[in-house]
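A.B. asks: Once you've had a glance at the structure underneath, I'll fire off some questions.
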Amino acid sequence: MKTNEWTDDVVARLAEVRERCPEMRFGQILATVGLLGEDETGHSLWDIEDTEFAAALERFAADLARRGSDAAEPADGPERRMRSNVMVR
């Protein structure tokens, strides 16, 4: 795969993660992926390879997808009321 194609794939995957986590700022997403990469490789974000970054991003995206499919809507608890108020605003 060419570098431009790889970059496009990673950016597209970041966009998918962003859609799943609208409450996170983009820098927070990058920091999270960097920490996951550091956990996996022992290297900081500065030093991990592109393939290692992509693997950490995939790990994060898979975890988000699993949480999204496992999470049920809360009944009528405070979280739901709070979310409803935010949606109405």
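A.B. asks: Residue check: is Ala56 part of a helix (DSSP H, G or I) and surrounded by 15 or more Cβ atoms within 10 Å (Cβ to Cβ)?
C.D. replies: So Ala56 passes the test.
A.B. asks: Something else: Return the residues of the stretch 24-52 that are under 11 Å from the mean Cα position of the chain (by Cα) and not in a helix (DSSP H, G or I); say none if nothing qualifies.
C.D. replies: Met24, Arg25
A.B. asks: Next question. Is there any pair linking a residue in the stretch 4-19 that is touching a residue at least 24 places away in the same chain (Cβ under 8 Å) and within 15 Å of Val33 (Cα to Cα) to one that is part of a helix (DSSP H, G or I) and not aliphatic (A, V, I, L, M), with Cβ under 7 Å and at least six apart or on different chains, and which?
C.D. replies: Val17/Phe60
No lab work stands behind these numbers, since they all come straight from the coordinates. None of the values given here were measured: they were computed from a predicted structure. Every residue, glycine as well, gets a Cβ built from its backbone with ideal geometry; the counts of neighbours run over all protein chains shown.
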